[in-house]
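I have placed the structure first, in the form of structure tokens, so that the comments after it can refer back to it.
The values are calculated or read from the model by the stated rules, or taken from the named source; none is laboratory data. Since the structure is predicted, the reported quantities are computational estimates derived from the model, not experimental observations. Here the Cβ positions follow ideal geometry from the backbone for every residue, glycine too, while neighbour counts run over all protein chains shown. Just so you know, the surface numbers come from the protein's heavy atoms only, side chains and all, with ligands and any DNA or RNA stripped out. Shrake-Rupley method; radii C 1.70, N 1.55, O 1.52, S 1.80 Å.
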Amino acid sequence: MAIRSPNVAIPAAPDTFQFPPSLARYNVSIPDYFRANASISGLIVGAVVFSGDHVLLIQRAASDFAPLMWEIPGGTCEAQRDPTVLHSLARELREETGLHLRSIKKFIDEVDFGDDRKPDFTWRKVTFEVEVEEGHGSGQSQSKGAITAAVKLDPNEHQNWGWASKREVEQGKWERGQLQSMEVQHATILAAFRNRGGPM
């Protein structure tokens, strides 16, 4: 794929979302990603959605793994469904929140971790800050309102959602009570706040 300028966003056909050239290494098929990263067994993607100084968090269903924990939207890459790793991100965002990916703004972090249920199995989670179609081009309050109106959860996976500030995430509490996340999620959310306005 030809890239004329390091500042030109690359469209990821057939969807309309875009991403900076620095993320082209994720615009590959999932089998190709595994071939290039032989040490990992499973791949997860996560999407950080900001509105102003707040991040969108969703709460896991009480009947699911890690019940009632708060997290960013995301999930497992599926080679049978997703043309590329980045398309997995778009699909998981849509399935978990009803929101549509407009652009991938930047890489946040990449974390490898084991699986207690599967010896010798290593997961990798790659997280990106994204922009969604809902509310694009409107002012901050209108954009937040449009996103808020569009969020639709799958009750089998998530039971609640909300906008959290950096302070609330750091303190682990907000107006709803406890704001608990798994350790990896907590670190990633704080990394996303730290990286706002930073390099792609």
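Points worth noting:
- Test set (1) of a type in the set (A, V, I, L, M, F, W, C); (2) surrounded by 22 or more Cβ atoms within 10 Å (Cβ to Cβ); (3) out of contact with any Phe, Trp or Tyr (no Cβ under 6 Å at 6 or more places or on another chain); (4) more than 16 Å from Met182 (Cα to Cα) - Ala149 fails condition number: (2)
- Within the range 39-50, restricting attention to residues that are among the small types (Gly, Ala, Ser) and open to solvent by 10 Å² or more (accessible area, probe 1.4 Å), the residue that is nearest to Glu92 (Cα to Cα) is Ser41.
- Filter pass, Phe107 being among the aromatic types (Phe, Trp, Tyr), open to solvent by 50 Å² or more (accessible area, probe 1.4 Å) and either within 19 Å of Gln18 (Cβ to Cβ) or under 17 Å from the mean Cα position of the chain (by Cα) (or both): yes
- Here Gln180 meets the list (1) open to solvent by 70 Å² or more (accessible area, probe 1.4 Å); (2) over 25 Å from Gln80 (Cα atoms); (3) of a type outside the set (Lys, Arg); (4) without any contact (Cβ under 8 Å) to a residue 60 or more places away in the chain almost entirely, failing just condition (4).
- Matching residues, the range 167-200, being part of a helix (DSSP H, G or I), out of contact with any strand residue (DSSP E or B) (no Cβ under 8 Å at 6 or more places or on another chain) and closer than 25 Å to Phe113 by Cβ: Glu170, Gln171, Glu183, His186, Leu190, Arg194
- Condition check for Ser141: of a type in the set (Gly, Ala, Ser) and either open to solvent by less than 80 Å² (accessible area, probe 1.4 Å) or over 17 Å from Phe50 (Cα atoms) (or both): no
- Close Cβ contacts (under 9 Å, 6 or more residues apart or on different chains) running from residues in the range 139-165 that are without any contact (Cβ under 8 Å) to a residue 40 or more places away in the chain to residues that are open to solvent by 40 Å² or more (accessible area, probe 1.4 Å) and outside any strand (DSSP E or B) comprise Gly145/Ser138; Ala146/His136; Ala146/Ser138.
- Selection from the range 150-167 of residues that are within 19 Å of the chain's Cα centre (by Cα) and farther than 19 Å from Ala62 by Cα: Ala150, Val151, Trp163, Ala164, Ser165, Lys166
- Qualifying residue in the range 149-157 (condition: farther than 13 Å from Phe50 by Cα, at pLDDT 95 or above and among the β-branched types (Val, Ile, Thr)): yes
- Single residue of Phe107, Phe113, Phe121 found to be closer than 19 Å to Thr188 by Cβ and at pLDDT below 95: Phe113
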